[in-house]
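The values are calculated or read from the model by the stated rules, or taken from the named source; none is laboratory data. In this text the structure is predicted, and so the values were computed from the model without any measurement. Here the Cβ is made from the backbone with ideal geometry for all residues, glycine too, and neighbour counts use every protein chain on show. Remember, those area values only see protein heavy atoms, side chains included, never the ligands or the DNA or RNA. Shrake-Rupley method; radii C 1.70, N 1.55, O 1.52, S 1.80 Å.
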Amino acid sequence: MQIKTAQFVKSATRPGNYPPAERPEIAFAGRSNVGKSSLLNVMVQRKSLVRTSSTPGRTQLINFFDLNEEIYLVDLPGYGFAKVPMAVKKQWGPMIQTYLQSRQSLCAVVVLFDIRRVPREEDLQLLDWLEEYEVPTIPVITKVDKVSRNRRAAQIAPIAEATGLPAEAFSLFSALTKEGRDEIWERLEIAMEECSCLDAEV
Ligand SMILES: Nc1nc2c(ncn2[C@@H]2O[C@H](COP(=O)(O)OP(=O)(O)OP(=O)(O)O)[C@@H](O)[C@H]2O)c(=O)[nH]1
Ligand SMILES: [Mg+2]
């Protein structure tokens, strides 16, 4: 994918505020602080198109970004951060479920896992919803720069086991070294080509 233009479109919490579902769309989801915004910035080759922060849980809205005026990339709100107010936590499930269930133009969701953490209940819940709503899922293990290469397989095994996905299903990524960027783009392009919800050309 050649990146020509990338820009923020809008934030939304409910379908009435989403941009029109007229283009292929890829969303990025995962635990708070897992590195969603960092991954998105690397994918679109912009240093800070998507706000990244060391204060987890700050991105509580569904954020839509335009790429090349051809596709939408969506930064979904993170989950699992203890200090988020209860009222916000309660909104997360319905907000995500509604988006996954209703968004006609959604081609795939990239689900991020931290190489240093075992997936928890919310991660598994998200995978269940994706299966239930038949949304193609692209699992990615990120922050791989945080562990040495010879520790990788041992770190990936419990993530594969908890999610029930084979270890080979995960793309490995680092926002620091940009390892995995090309592989993830290939998977996104395939997902958009296979997307049955739209006949748009990508
Ligand atoms: N070493 C390393 N640090 C990373 C990587 N990806 C993200 N980080 C750091 O992890 C922290 C969180 O990254 P974000 O991209 O803001 O995470 P997020 O998932 O968007 O977080 P929320 O928006 O709060 O849900 C930041 O301090 C990033 O610099 C990575 O691949 N390697
Ligand atoms: Mg973020």
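With within 10 Å of ligand 1 (Cβ to nearest atom) and either closer than 23 Å to Glu186 by Cα or aromatic (Phe, Trp, Tyr) (or both) as the only criterion, which of Ala29, Ala6, Ala21 stands out? Criteria check complete, one pass: Ala29. Consider region 72-83. How many of its residues are out of contact with any helix residue (DSSP H, G or I) (no Cβ under 7 Å at 6 or more places or on another chain) and open to solvent by less than 20 Å² (accessible area, probe 1.4 Å)? Residues that pass the stated criteria total 2.
Being surrounded by 15 or more Cβ atoms within 10 Å (Cβ to Cβ) and at pLDDT 95 or above is a condition met by at least one residue of region 13-20. Only a single criterion out of (1) assigned to a helix (DSSP H, G or I); (2) within 16 Å of ligand 2 (Cβ to nearest atom); (3) open to solvent by less than 20 Å² (accessible area, probe 1.4 Å) is not satisfied by Val109, namely (1).
Look through Lys83, Lys36 and report the one residue that is of a type in the set (D, E, K, R), within 21 Å of Gly180 (Cβ to Cβ) and within 16 Å of ligand 2 (Cβ to nearest atom). Show your work before the answer.
Details: Lys83 fails: within 21 Å of Gly180 (Cβ to Cβ).
Just one listed residue meets the conditions, Lys36.
Residues in region 2-12 that are among the aliphatic types (A, V, I, L, M) and either open to solvent by 70 Å² or more (accessible area, probe 1.4 Å) or farther than 22 Å from Asn41 by Cα (or both): 0 in all. Of the strands (runs of 3 or more DSSP E) lying entirely inside region 1-96, those containing at least 2 residues that are closer than 30 Å to Val118 by Cβ are 25-30, 62-67, 71-75. When you scan region 126-141, do you find a residue that is over 29 Å from Gln101 (Cα atoms) and open to solvent by 30 Å² or more (accessible area, probe 1.4 Å), even just one? No, that holds for no residue.
Taking residues in region 143-161 that are farther than 23 Å from Leu127 by Cβ, and partners anywhere that are open to solvent by 80 Å² or more (accessible area, probe 1.4 Å), the pairs with Cβ atoms closer than 8 Å and at least 6 places apart or on different chains are Asp145/Leu176; Asp145/Thr177.
Of the residues Ala200, Ala157, the single one that is open to solvent by 10 Å² or more (accessible area, probe 1.4 Å) and either at pLDDT below 95 or closer than 23 Å to Pro77 by Cβ (or both) is Ala200.
Per-residue answers, yes or no, for (1) among the polar types (S, T, N, Q); (2) more than 12 Å from ligand 1 (Cβ to nearest atom); (3) touching a residue at least 60 places away in the same chain (Cβ under 8 Å); (4) in contact with a strand residue (DSSP E or B) (Cβ under 6 Å, 6 or more places away or on another chain):
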{"site": "Phe64", "(1), (2), (3), (4)": "no, yes, no, yes"}
{"site": "Phe81", "(1), (2), (3), (4)": "no, no, no, no"}
{"site": "Val84", "(1), (2), (3), (4)": "no, no, no, no"}
{"site": "Lys90", "(1), (2), (3), (4)": "no, yes, no, no"}
{"site": "Thr98", "(1), (2), (3), (4)": "yes, yes, yes, no"}
{"site": "Gln104", "(1), (2), (3), (4)": "yes, yes, yes, no"}
{"site": "Val110", "(1), (2), (3), (4)": "no, no, yes, yes"}
